[in-house]
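Q: Take a look at this one; I'll ask things after.
The values are calculated or read from the model by the stated rules, or taken from the named source; none is laboratory data. Nothing here was measured: the structure is a model prediction, and the numbers come from that model. Heads up, the Cβs are rebuilt from the backbone with ideal geometry, glycines too, and the neighbour counts pull from every protein chain shown.
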């Protein structure tokens, strides 16, 4: 009986394969935000091969990157570009505001003047959408004048880096400067950077 049991177990062992735990082969890598956000660590991810970690898109919010809760309504998209050791570098590839937030910014007594413009930037093109919110209802002529100023100011950014332009719109003075110039045409409360997309040159 004992011999029969030994033979049976030996037969099963011969045909079985060793199970390898793939998780034991994986390492943890830290994903860092782009340089305009001071390369702040934002997440960790496991991987067996570093090459599998590039060209991924990570979505977060602007308040997470800046610590400013007032910026929580912007979504930030970061594309992984390079792996050095256990650290993953990223570049900003897109930003956009929550549509509900943009809708709440407009009231019946206000005008919303949107402009979408494509401009050449370093290593590619960028398409930006900015929105001016007026203090009162603007006439069509006033809207056209404001839109023309917005277009002129965006075109003035041509040739610069997409990330630098985006940072200036989201965190710097560019949006407020556009609002000040547009206010010469009509009362503009603010200019909101609604969307920005980087289009890499092929």
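Q: Residues in segment 163-202 that are in contact (Cβ under 8 Å) with a residue 40 or more places away in the chain, closer than 21 Å to residue 111 by Cβ and buried (at least 17 other Cβ atoms within 10 Å of the Cβ): how many?
A: Summing the residues that are in contact (Cβ under 8 Å) with a residue 40 or more places away in the chain, closer than 21 Å to residue 111 by Cβ and buried (at least 17 other Cβ atoms within 10 Å of the Cβ) in segment 163-202 gives 13.
Q: Listed residues 34, 11, 93; which is at pLDDT below 95 and either surrounded by 15 or more Cβ atoms within 10 Å (Cβ to Cβ) or out of contact with any helix residue (DSSP H, G or I) (no Cβ under 6 Å at 6 or more places or on another chain) (or both)? Reasoning before the result, please.
A: Working: 34 fails: at pLDDT below 95; 93 fails: at pLDDT below 95.
11 is the lone residue from the list that is at pLDDT below 95 and either surrounded by 15 or more Cβ atoms within 10 Å (Cβ to Cβ) or out of contact with any helix residue (DSSP H, G or I) (no Cβ under 6 Å at 6 or more places or on another chain) (or both).
Q: Report yes if some residue within segment 159-176 is in contact with a helix residue (DSSP H, G or I) (Cβ under 6 Å, 6 or more places away or on another chain) and over 20 Å from residue 120 (Cβ atoms); otherwise report no.
A: Within segment 159-176, one or more residues are in contact with a helix residue (DSSP H, G or I) (Cβ under 6 Å, 6 or more places away or on another chain) and over 20 Å from residue 120 (Cβ atoms).
Q: Right, residue 26: loosely packed, with under 13 Cβ neighbours inside 10 Å and at pLDDT below 95 or not?
A: no
Q: Further, regarding this structure: Considering (1) in the same structural domain as residue 31 (by TED's automatic domain parsing); (2) touching a helix residue (DSSP H, G or I) at 6+ places or on another chain (Cβ under 9 Å), say which one residue 134 fails and leave the rest.
A: Tallying (1) in the same structural domain as residue 31 (by TED's automatic domain parsing); (2) touching a helix residue (DSSP H, G or I) at 6+ places or on another chain (Cβ under 9 Å), residue 134 fails exactly one: (1).
Here's the yes/no breakdown for (1) without any contact (Cβ under 8 Å) to a residue 40 or more places away in the chain; (2) part of a strand (DSSP E or B):
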{"position": "63", "(1), (2)": "yes, no"}
{"position": "70", "(1), (2)": "yes, no"}
{"position": "78", "(1), (2)": "no, yes"}
{"position": "90", "(1), (2)": "no, yes"}
{"position": "93", "(1), (2)": "no, yes"}
{"position": "102", "(1), (2)": "no, no"}
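Q: Another question, if that's okay. Suppose we keep only residues that are part of a helix (DSSP H, G or I) and surrounded by 17 or more Cβ atoms within 10 Å (Cβ to Cβ) within segment 148-159. Which one would you say is nearest to the chain's Cα centre (by Cα)?
A: Within segment 148-159, the match that is nearest to the chain's Cα centre (by Cα) is 154.
Q: Identify, please: which residue in segment 160-194 is closer than 23 Å to residue 66 by Cβ and in a strand (DSSP E or B) and is, among those, farthest from the chain's Cα centre (by Cα)?
A: 189
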